[in-house]
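Remarks on the structure that follows.
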Amino acid sequence: MKPIKVAVYGALGRMGQTLVDALCREPDMQLVGAVDIEAAEKQLPLPDGSGTVPFSQNLDEIISAARPEVVVDFTTATAVMPAVRLAAERGVNLVIGTSGLTSDDIKEIDRLAQAKSVGVAVVPNFALGAVLMMHLAKIAGKYFDFAEIIELHHHLKADAPSGTALSTARAMAKAKGKPFSTPEGKASAGRGEQVEGISIHSVRLPGLLAHQEVMLGGAGQTLKIRHDTIGRECYMPGVMLAIRGVVNRKGLVYGLETLLGLE
Ligand SMILES: NC(=O)c1ccc[n+]([C@@H]2O[C@H](COP(=O)([O-])OP(=O)(O)OC[C@H]3O[C@@H](n4cnc5c(N)ncnc54)[C@H](O)[C@@H]3O)[C@@H](O)[C@H]2O)c1
């Protein structure tokens, strides 16, 4: 079987570099080009020493020169939509990991993917363990009336609560069909952010990366579901799954759940 030709958009970033490295080790993938606004050379040396690939600040140039089947985006929110419009127009599939897309962006991506018959995966969290944590929390939440979330991240994280914690709380309430119960008369700033009856507590400390614990409580028992991200390489199996997924389907797929067969 021929390897899937992949270009990385945002190749000099923390995720981009981890992905370039991971692609070189994946037998069914071939890194054919790289793009970054900070690109200073025309070729990017491969970390395994096996050669170089075309490198540019311009995605259009790399699509023409390297003919990737999939572009993987780890840039910034403002760079995503121009890349989606260009890739869709050129018939190139996309995997988008960049955070900060609006619901209007998602609607436009969906429309473009269908109109241009390309596969696009928008994946807010590539960590398989985090996706499973949310899935298990949705199942468990049906059997408990009280739940709280403690999310712990490094001190440089821009947002609080984290997007994953907010999505978890909303997904748990949706699966349950109603908000969770809150202990009466206990509302105060110290109880954290309230989302669908779930208190979300945000810890920010140097030394942490990304961690989340969902705690469920009922009479005489608690259940804890916890995920810990220890290194950026945890995202790579999810990125590879999304790359393999978009070459085989047309239209938008949101999140890894569908590709993992969880819904
Ligand atoms: N979906 C997930 O599981 C997941 C996991 C980690 C990070 N992220 C998200 O991925 C994105 C990247 O994260 P990071 O830590 O690698 O950030 P980073 O700042 O280290 O890297 C971003 C890279 O994109 C490049 N860039 C910015 N604008 C560009 C443009 N217009 N054209 C080309 N290149 C451009 C920058 O030069 C930089 O090298 C963020 O939005 C982050 O939140 C998602």
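Could you name every one of the strands (runs of 3 or more DSSP E) located completely within region 9-64 that has at least 2 residues being under 15 Å from residue 243 (Cα atoms) and touching a His at 6+ places or on another chain (Cβ under 9 Å)?
Details: elements: 29-35, 43-45, 52-56.
Fully inside region 9-64 and qualifying: nothing.
Would you kindly identify the strands (runs of 3 or more DSSP E) lying entirely within region 153-253 that contain at least 2 residues that are among the charged types (D, E, K, R)?
Correct list: 221-229.
I need a count of the residues in region 178-200 that are under 29 Å from residue 232 (Cβ atoms) and surrounded by fewer than 18 Cβ atoms within 10 Å (Cβ to Cβ).
Residues that pass the stated criteria total 1.
Which count do you get for residues in region 101-114 that are closer than 20 Å to residue 59 by Cα and either within 11 Å of the ligand (Cβ to nearest atom) or of a type outside the set (A, V, I, L, M, F, W, C) (or both)?
Within region 101-114, the subset closer than 20 Å to residue 59 by Cα is 101, 105, 108-109, 112-113.
Add one more test, that the residue is either within 11 Å of the ligand (Cβ to nearest atom) or of a type outside the set (A, V, I, L, M, F, W, C) (or both), and what stays is 101, 105, 108.
Of the residues in region 101-114, 3 are closer than 20 Å to residue 59 by Cα and either within 11 Å of the ligand (Cβ to nearest atom) or of a type outside the set (A, V, I, L, M, F, W, C) (or both).
Can you tell me which of (1) in a helix (DSSP H, G or I); (2) away from the ligand (no atom under 15 Å from the Cβ) is the one residue 117 doesn't meet?
(1)
Would you confirm whether or not region 102-119 contains a residue that is assigned by TED's automatic domain parsing to the domain that holds residue 43 and at pLDDT below 95?
Yes - at least one qualifying residue is present in region 102-119.
I'm trying to understand the selection: among the residues of region 25-41, which are free of Cβ contacts under 8 Å to residues at least 40 places away in the same chain and closer than 17 Å to residue 6 by Cα? If you could, list the steps in order and put the result at the bottom.
Applying the first criterion (free of Cβ contacts under 8 Å to residues at least 40 places away in the same chain) to region 25-41 yields 25, 27, 30-36, 38-41.
Scanning region 25-41 gives 25, 27, 30, 31, 32, 33, 34, 35, 36.
Provide a single number: the residues in region 153-177 that are buried (at least 18 other Cβ atoms within 10 Å of the Cβ) and farther than 18 Å from residue 99 by Cβ.
So the answer is 3.
Would you confirm, using the coordinates I've provided, whether residue 90 is at positive phi, surrounded by fewer than 24 Cβ atoms within 10 Å (Cβ to Cβ) and away from the ligand (no atom under 12 Å from the Cβ)?
So residue 90 does not fit the description; no.
What tally of residues in region 52-75 results from selecting those that are within 14 Å of the ligand (Cβ to nearest atom) and of a type outside the set (A, V, I, L, M)? Walk me through how you get there before you give the answer.
So the first thing to find is which residues in region 52-75 are within 14 Å of the ligand (Cβ to nearest atom), and the list is 55-63, 71-75.
From what's left, of a type outside the set (A, V, I, L, M): 55-58, 60-61, 73-75.
Within region 52-75, residues that are within 14 Å of the ligand (Cβ to nearest atom) and of a type outside the set (A, V, I, L, M) number 9.
Of all residues in region 212-240 being within 12 Å of the ligand (Cβ to nearest atom) and hydrophobic (A, V, I, L, M, F, W, C), which is farthest from residue 96 (Cα to Cα)?
234
Please find, within region 27-51, the residue that is surrounded by the fewest Cβ atoms within 10 Å (Cβ to Cβ) out of those that are within 16 Å of the ligand (Cβ to nearest atom) and of a type in the set (Gly, Ala, Ser).
The extreme case among them is 40.
Report, by residue number, each residue of region 52-62 that is crowded, with 22+ Cβ neighbours inside 10 Å and under 17 Å from residue 95 (Cα atoms).
Correct list: 59, 62.
Which one is surrounded by the most Cβ atoms within 10 Å (Cβ to Cβ) among residues in region 11-26 that are aliphatic (A, V, I, L, M) and within 8 Å of the ligand (Cβ to nearest atom)?
Taking region 11-26 first, the residues aliphatic (A, V, I, L, M) are 11-12, 15, 19-20, 22-23.
Now narrow it down to the ones that are within 8 Å of the ligand (Cβ to nearest atom): 11-12, 15.
Details: 11: 26, 12: 17, 15: 21.
The selected residue is 11.
Can you tell me which residue among 107, 142 is in contact (Cβ under 8 Å) with a residue 12 or more places away in the chain, over 23 Å from residue 43 (Cα atoms) and of a type in the set (Lys, Arg)? Don't jump to the end; show me each part of the working.
On the way: 107 fails: in contact (Cβ under 8 Å) with a residue 12 or more places away in the chain.
When all the criteria are applied, what remains is 142.
List pairs: first in region 55-78 and touching a residue at least 24 places away in the same chain (Cβ under 8 Å), second among the polar types (S, T, N, Q) and not in a loop (DSSP other than H, G, I, E, B), Cβ under 7 Å, 6+ apart or cross-chain?
55/43; 62/56; 69/93; 70/93
If I go through region 124-144 residue by residue, how many of them are at pLDDT 95 or above and within 16 Å of the ligand (Cβ to nearest atom)?
Adding up the residues that qualify gives 10.
Residues of region 254-263 being in a loop (DSSP other than H, G, I, E, B) and under 12 Å from the mean Cα position of the chain (by Cα), which ones?
Step one: filter region 254-263 for residues in a loop (DSSP other than H, G, I, E, B), giving 255-263.
255, 256, 257 - these are the residues of region 254-263 that are in a loop (DSSP other than H, G, I, E, B) and under 12 Å from the mean Cα position of the chain (by Cα).
The values are calculated or read from the model by the stated rules, or taken from the named source; none is laboratory data. Note that the structure is a prediction, hence the values are computed from the model and not measured. Here the Cβ is made from the backbone with ideal geometry for all residues, glycine too, and neighbour counts use every protein chain on show.
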